[in-house]
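Q: Quick one: this structure, given as structure tokens, is what I'll be asking you about.
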Amino acid sequence: MQQFWNIAAFDFNNPALSYRPGNMGRNTLLSPGTRLADLSLSRSIRLHESHSLNFRFEAFNATNHPNWNAPPSDARSPSTFGVITSAKTMRQLQLALKYAF
């Protein structure tokens, strides 16, 4: 994703602004949000008086929505400033079977 933040809003060529504290507020550069939908299905089956079988299926990020990592925020390197190059973990599925006696 190119230019998540606008590089024109920062004057990175002005040497007087290098490494000087400014008046920009906290958390001004917000990262892309995260949307997750985790699902779980479980079934317990009684086999005998004291024996049971538990089956479980879990899906993490079930919709497989892309959740982007935060872009670099160093305005002194305009080629990478605000460019998102990677994403967080995609959909993960998990099966479990438990026998209790």
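Laboratory data are not the source of any read-out in this text; all were calculated from the coordinates shown. Just so we're clear, the structure is a prediction, and the values are computed from it rather than from any experiment. Reconstructed Cβ throughout: ideal geometry from the backbone, glycine too, with neighbour counts over all protein chains shown.
Q: Put a dot 7 Å past each Cα toward the Cβ at Thr28 and Met90; how far apart are the dots in nm?
A: Going from the Met90 label point to the Thr28 one covers 3.7 nm.
Q: Identify which of Leu30, Leu39, Leu53 has the largest mean-square fluctuation in a Gaussian network model of the chain, with springs joining Cα atoms closer than 10 Å.
A: Leu53
Q: For region 43-101, compute the orientation-averaged projected area of the C-alpha convex hull (one quarter of its surface), in nm².
A: 5.7 nm²
Q: For the chain, just run the numbers: alpha carbon Rg, then divide by 2.2 N^0.38 Å, N being how many residues it has.
A: Details: Rg = 23.8 Å, N = 101, 2.2 N^0.38 = 12.7 Å.
This ratio for the chain stands at 1.88.
Q: Quick one: what are the phi-derived ³J(HN,Hα) couplings along region 25-41, Karplus 6.51/-1.76/1.60 with θ = phi - 60°, whole Hz, x for glycine and proline?
A: Rounded to whole hertz, the list is x, 6, 6, 6, 8, 8, 8, x, x, 10, 10, 10, 9, 9, 10, 8, 10.
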